[in-house]
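Take a look at the structure below.
Throughout, read-outs are computed from the coordinates displayed, never taken from laboratory work. On a predicted model such as this, the values are computed, not experimentally measured, just so you know. All Cβ positions, glycine included, derive from the backbone under ideal geometry; neighbour counts span all protein chains shown.
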Amino acid sequence: MNTPALKKAAAFCAYQERTQQEVRQRLREWGIWGDEAEEIIARLIEDGYLNEERFARSFAGGKFRIKNWGRIKIEQELRQRGLSAYNLKAGLSEIADTDYRQTLQALLDKKAASLKDEGPYAFRQKLARYAIGKGYEADLVWSLLKGEE
């Protein structure tokens, strides 16, 4: 096995959490593919440098807390990164329901304060469009906007 490539890949994974897809792509950029790349990835997993469940938990928690993304947007991004259904579920489990609702309500309140005077229908439409665009579930957004909680 190519030890310098393994060391370089380990450093790449140690810097921040990565997915197997990201590591494979980086190895390809370095001119390593096929069985050699798979051996390096297997070794990174064995040594604890690469763990997709840990990545999913970290990614979901971070995007929710820092960027206020909703579950739908987080799930789409994790799927796009090639994570399994198990890892998707593990990542989304990082978001507590109470925190989720509170964050959505705070997001709606902040956006409402920034909107100009509009009719009540257009006002709620803009709020809903904004929250749904951030990845929140439409039924939850509308129930909060109608005050059904």
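How high is the FRET efficiency from ASP35 to LYS146, r the C-beta distance, R0 41 Å, rounded to 0.05?
About 0.10, to the nearest 0.05.
Once the mean 1/r over all distinct Cα pairs of the chain is inverted, what Kirkwood radius in angstroms do you read off?
Computed over Cα pairs of the chain, the Kirkwood hydrodynamic radius comes out at 17.5 Å.
What is the fewest-to-most order of LEU107, LEU83 by other Cβ atoms lying within 10 Å of their Cβ?
LEU107, LEU83
What Kirkwood hydrodynamic radius do you get for the stretch 31-116 when you take the inverse of the mean 1/r over all pairs of distinct Cα atoms, in Å?
Final number for the Kirkwood radius of the stretch 31-116 is 14.8 Å.
Could you give me D for the stretch 97-145, from Stokes-Einstein at 37 °C and 0.692 mPa s, where the hydrodynamic radius is the Kirkwood radius over C-alpha pairs? Units µm² s⁻¹, please.
Result for D is 303 µm²/s.
What FRET efficiency would be calculated for the residue pair ARG54, THR3, taking the C-beta separation as r and a Förster radius of 41 Å, to the nearest 0.05?
0.95
Find how many whole Å separate the alpha carbon centroid of the stretch 91-149 from the alpha carbon centroid of the stretch 49-79.
Their Cα centres are 20 Å away from one another.
Report the gain in length on full extension from ALA112 to ALA85: 0.36 nm times residue separation, minus Cα-Cα distance, nm rounded to one decimal.
This chain segment gains 6.2 nm when fully extended.
Using Cβ contacts closer than 10 Å as the measure, can you line up PHE64, PHE123 from fewest to most?
Values: PHE64 23, PHE123 15.
Taking fewest neighbouring Cβ atoms as first place, the list is PHE123, PHE64.
Classify the stretch 3-46 from the C-alpha gyration tensor, please: rounded if a/c falls under 1.5, else prolate or oblate depending on whether a/b exceeds b/c.
Here the stretch 3-46 falls in the rounded category.
Within 14 Å, Cβ to Cβ, of GLY70, how many net charges do the neighbouring residues add up to if Lys/Arg are +1 and Asp/Glu are -1?
Local net charge: +2.
Which whole-number percent gives the relative contact order of the chain, counting Cα pairs below 8 Å spaced six or more residues apart?
Numbers: 132 pairs, mean separation 32.8, N = 149.
It rounds to 22 percent for the chain.
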